[in-house]
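**Student:** What follows is a single structure, and I will ask about it in a moment.
The values are calculated or read from the model by the stated rules, or taken from the named source; none is laboratory data. Bear in mind that the values here come from a model prediction, so they are computed numbers and not experimental data. Virtual Cβ from ideal backbone geometry, glycine too; neighbours counted across all protein chains shown. All accessible areas refer to the heavy atoms of the entire protein, side chains included, with ligands and DNA or RNA removed. Shrake-Rupley method; radii C 1.70, N 1.55, O 1.52, S 1.80 Å.
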Amino acid sequence: MKKISYCLLFGIAVLHGCGSGSDGSPKNLTSQTGHSESPAPKRVTLGKVTPTIVVSSIKLPANRLFRPNAQVQKEINTIVKRTNEYRKAKGLPTLKLDDNLSAYASIRAREAAQKFAHQRPNGKRFSDPSVFKEWDVIGENIAGGKRTGDETATQWKKSPPHYKNMLGKDYTRIGVGYFYAPEEKYRFYWTQFFGGDKTQTIYDLITPIDANDVENAVGKRTRYNSKHQLTVSAPTHKGKQVIQLDGHSISLQPMNDHDWSYQTIGEVASDDGVPEAYVNVGQAFNPEKTSQLRAHYQGKAIGDVGQHSRTLADMSAEVDFNAKRKTLSLKLSNSKMSKGLSGAYHNKPNLDFSDQLTWNSTRQHFESRTGTARLYGDKAQELGGQFKRNVNRESYRGAYAGKRTK
């Protein structure tokens, strides 16, 4: 039988803060970091190349939040410890800290800074069925105004309705969330979310990742020979060279499959396979202003739509680089999209597109409103880049790489 505790069913008294802490508090644990590209490589003379790793902006999978940092986690653990001490004193079993419930608790702590109530800012109750995949018993405590987990646990204990909720006999798991909002009334916002064995929300925590993490992981697995050709040392899994990170993976296209020598492209994904970012790796060719190049490139593109379907396409590009004109004409064609993230691919003509990129001498790459590209190899033998567009109000983004054909 599904159950919301008596205290919550009739509305727990909202616990307001009665004090404040210093500004040296834990900061927001759900902030997202990431940047669109690596710093522009230094300009070099004609014929020289620079090892370059370009990482797109990182987008979390839907309903995922970054795990709290060590300082915040310490305070969360204190709340769990104090709650279990209170329960043991009453002869009740202890609760297990749960990532799934903590993710929702983190969202509710953030929402409490906007609307300090058990009603969400969207007007729905915290217990609205749309939040849960399944549930049997749930409960929630909210607090504001105290900086530490110990102070907050004591604050709840001193409030009869909140204390009663902490002692719920049907609970087996607990989630704790924190949000720091220095401009809001109570500044420090905490949420406890309780659940039974079957309670599961649509949210979850994920290990933080940023572009530097990706760059460092790829950099350790790549090397270049005297001819500036790239080698990636990583195990092969399902036709990709895979580099594992904590809670994430980087899947690089095997260069031999595409006859590439100086570069490759890849996808950064969560541990359950949701695309988060794209990466270009290789020896970037940095032409001088006086360089002249007219070349055609052909290759492949990978990507995703809305993080729910993967895409493949053919890539072709024309580069016209001289004293008067420095442009790249890009075309993606024969586009295909998978059914879900791992299903069969089918033709998707509306993903085909053309783009005109111009040279940015400061950043040493071609760019447009929706993408960037670089030349690779000591004689610009290859080309690679990234794109980000909108298709039917969904994000369509990815990376491409190609080889000079003439």
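**Student:** Which entry is the computed Rg/Rh (Cα atoms, Kirkwood Rh) for this structure: (i) 1.07; (ii) 1.09; (iii) 0.93?
**Tutor:** (ii)
**Student:** Turning to a different aspect of this structure: Using a probe of 1.4 angstrom, how much of the accessible area of the chain is carbon and sulfur, in percent? Please list the in-between numbers first.
**Tutor:** Details: 8980 of 18720 Å².
It is 48 percent, rounded to a whole number.
**Student:** Running a GNM on the chain with Cα contacts under 10 Å, which residue among 56, 338, 102 ends up with the highest mean-square fluctuation?
**Tutor:** Greatest mean-square fluctuation among the candidates belongs to 338.
**Student:** Another question about this same structure. Picking from 159, 178, 144, whose Cα lies most toward the positive end of the charge dipole for the stretch 139-193 (charges on Cβ: Lys, Arg +1; Asp, Glu -1)?
**Tutor:** 159
**Student:** Also, I was wondering about something else. Could you sort out which of 115/158; 326/348; 88/185; 158/185; 124/336 sit more than 29 Å apart by Cα distance in this structure?
**Tutor:** Details: 115/158 23 Å; 326/348 31 Å; 88/185 34 Å; 158/185 21 Å; 124/336 39 Å.
Pairs exceeding 29 Å: 326/348; 88/185; 124/336.
**Student:** Probe 1.4 Å, all protein chains in place: accessible area of residue 255 in Å², nearest 10?
**Tutor:** 20
**Student:** Among the trypsin sites (Lys or Arg not before Pro) within the stretch 223-282, which fall in a DSSP loop and have no more than 12 other Cβ atoms within 10 Å of their own Cβ?
**Tutor:** Values: sites: 223, 227, 238, 240; in loops: 227, 238.
Here the trypsin sites (Lys or Arg not before Pro) that fit, given the DSSP loop and packing criteria, are 227, 238.
**Student:** Next up: I'd like to compare 275-281, 200-206: which one has the highest average count of other Cβ atoms within 10 Å, and what's the full order after that?
**Tutor:** Sorting 275-281, 200-206 by mean packing, highest first, produces 275-281, 200-206.
**Student:** Before anything else, pin down the relative contact order of the stretch 104-190: Cα pairs under 8 Å, at least 6 apart, normalised by residue count, whole percent.
**Tutor:** For the stretch 104-190, the relative contact order is 42 percent.
**Student:** Another question, then. Please compute the net charge surrounding residue 303, taking Lys and Arg as +1 and Asp and Glu as -1 over other residues with Cβ under 10 Å from its Cβ. Walk me through the numbers before you get to the answer.
**Tutor:** Values: positive: 310, 388, 389, 397; negative: 267, 304.
That sum, taken over residues with Cβ under 10 Å, equals +2.
**Student:** Taking every pair of distinct Cα atoms and averaging 1/r, then inverting, what Kirkwood hydrodynamic radius in Å comes out for the stretch 257-373? Please report the intermediate quantities before stating the final value.
**Tutor:** Numbers: mean 1/r = 0.0634 Å⁻¹.
Answer for the stretch 257-373: a Kirkwood hydrodynamic radius of 15.8 Å.
**Student:** Same structure, new question: Check the straight Cα-Cα distances from residue 227 and name the lysines below 21 Å, setting aside those fewer than 8 residues away within the same chain.
**Tutor:** Those lysines meeting the cut-off are 42, 48, 379, 403, 406.
**Student:** Here's something else I'd like to know. Under 19 Å Cα-Cα from residue 146, which aspartates and glutamates qualify once same-chain neighbours fewer than 8 residues away are excluded?
**Tutor:** 23, 75, 111, 183, 184
**Student:** Let me ask something else. Relative contact order (percent) for the stretch 273-395, with alpha-carbon contacts under 8 angstrom and 6 or more residues of separation? Could you put the intermediate results ahead of the total?
**Tutor:** Values: 257 pairs, mean separation 27.2, N = 123.
With pairs under 8 Å counted, the relative contact order is 22 percent.
**Student:** Also: Among the aspartates and glutamates, which have Cα under 18 Å from the Cα of residue 300 when same-chain residues fewer than 8 positions away are ignored?
**Tutor:** Within the straight-line limit of under 18 Å, residue 300 reaches these aspartates and glutamates: 257, 259, 267, 314, 318, 352, 355, 382.
**Student:** Here is a follow-up. Where the only charges are on Cβ atoms (+1 Lys, Arg; -1 Asp, Glu), what is the dipole of the chain about its Cα centre, to the nearest 20 debye?
**Tutor:** Numbers: 61 positive and 39 negative charges, 56 e Å.
For this selection, approximately 260 debye.
**Student:** Moving on to the next point. Tell me, what is the percent relative contact order of the chain, built from C-alpha pairs under 8 Å that lie six or more residues apart?
**Tutor:** Values: 970 pairs, mean separation 69.4, N = 406.
It rounds to 17 percent for the chain.
**Student:** Given Cβ point charges of +1 (Lys, Arg) and -1 (Asp, Glu) and nothing else, what value in debye, to the nearest 20, does the dipole of the stretch 264-345 about its Cα centre take?
**Tutor:** 520
**Student:** Just to confirm, what accessible area per residue do you get for the chain at 1.4 Å probe, in whole Å²?
**Tutor:** Working: 18720 Å² over 406 residues.
So the chain comes to 46 Å² accessible per residue, rounded to a whole number.
**Student:** Quick one: grab the alpha carbon gyration tensor of the stretch 134-183, order the square roots of its eigenvalues as a ≥ b ≥ c, and give me rounded if a/c is under 1.5, else prolate or oblate depending on whether a/b is larger than b/c.
**Tutor:** Working: a/c = 2.58, a/b = 1.52, b/c = 1.70.
Oblate.
**Student:** What does the net charge come to around residue 322 if you take all other residues with beta carbon closer than 12 Å to its beta carbon, with K and R at +1 and D and E at -1?
**Tutor:** On the way: positive: 289, 294, 324, 325, 326; negative: 288, 320.
Within the 12 Å Cβ shell, the charges total +3.
**Student:** Length gain on complete extension for the stretch residue 346 to residue 360, per 0.36 nm per residue less the alpha carbon to alpha carbon distance?
**Tutor:** Working: separation 14, 0.36 × 14 = 5.04 nm, distance 3.62 nm.
My answer for the length gained is 1.4 nm.
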